[in-house]
Amino acid sequence: MTLRLYAERKALPLDQVTVRLSQAKIHAADCADCETKDGMIDRIERVIILRGNLDEEQRRRLLEIADKCPVHRTLTSEVDIRTVERRDE
């Protein structure tokens, strides 16, 4: 959705975007870029297919924008989840 909105605003010839995700658990020690070095971590691989008459600079910029979407930023930031019970009153 973020890529589509950006492309529309910039009048880029983006016809279709397909995003495919896969998730796996890997050993943290196998991740050179990760702070955590013990135990297992989640690895998400994202494949983005851009269809349209886009030049290389437009494709590069769209991939940059993909890293700025709210979902990507949430998944790559520190997350604090708190669970509370709410009873029906």
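Structure data summary
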read-out: Test for residue 45: is it at pLDDT below 90, surrounded by fewer than 10 Cβ atoms within 10 Å (Cβ to Cβ) and closer than 23 Å to residue 74 by Cα; value: no
read-out: Scope the stretch 11-30; condition in contact with a strand residue (DSSP E or B) (Cβ under 6 Å, 6 or more places away or on another chain) and outside any strand (DSSP E or B); matching residues; value: 13, 28
read-out: Complete set of residues in the stretch 49-63 that are closer than 17 Å to residue 11 by Cα and outside any helix (DSSP H, G or I); value: 50, 51, 52, 53, 54, 55
read-out: Flag if residue 54 is touching a Phe, Trp or Tyr at 6+ places or on another chain (Cβ under 9 Å), within 14 Å of residue 17 (Cβ to Cβ) and surrounded by 10 or more Cβ atoms within 10 Å (Cβ to Cβ); value: no
read-out: The stretch 64-89, subset touching a residue at least 60 places away in the same chain (Cβ under 8 Å), surrounded by 10 or more Cβ atoms within 10 Å (Cβ to Cβ) and in a helix (DSSP H, G or I), residue farthest from the chain's Cα centre (by Cα); value: 65
read-out: Qualifying residues in the stretch 57-89 (those that are within 16 Å of residue 20 (Cβ to Cβ) and in contact with a Ser or Thr (Cβ under 8 Å, 6 or more places away or on another chain)) - the one modelled with the highest pLDDT; value: 66
read-out: Selection count where residues are more than 13 Å from residue 7 (Cα to Cα), in contact (Cβ under 8 Å) with a residue 24 or more places away in the chain and over 10 Å from the mean Cα position of the chain (by Cα), scope the stretch 46-63; value: 1
read-out: Pairs where the first residue, in the stretch 9-26, is open to solvent by 90 Å² or more (accessible area, probe 1.4 Å) and the second is part of a strand (DSSP E or B) and of a type in the set (Gly, Ala, Ser), C-beta under 9 Å, 6+ apart; value: 15/52
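The values are calculated or read from the model by the stated rules, or taken from the named source; none is laboratory data. As the structure is a computational prediction, the values presented were derived from the model and not from experiment. Because the Cβ atoms are built from the backbone with ideal geometry, glycine has one as well, and the counts that use them run over all protein chains shown. For the accessible areas, the whole protein counts, side chains as well, though only heavy atoms, and no ligand, DNA or RNA atoms are used. Shrake-Rupley method; radii C 1.70, N 1.55, O 1.52, S 1.80 Å.
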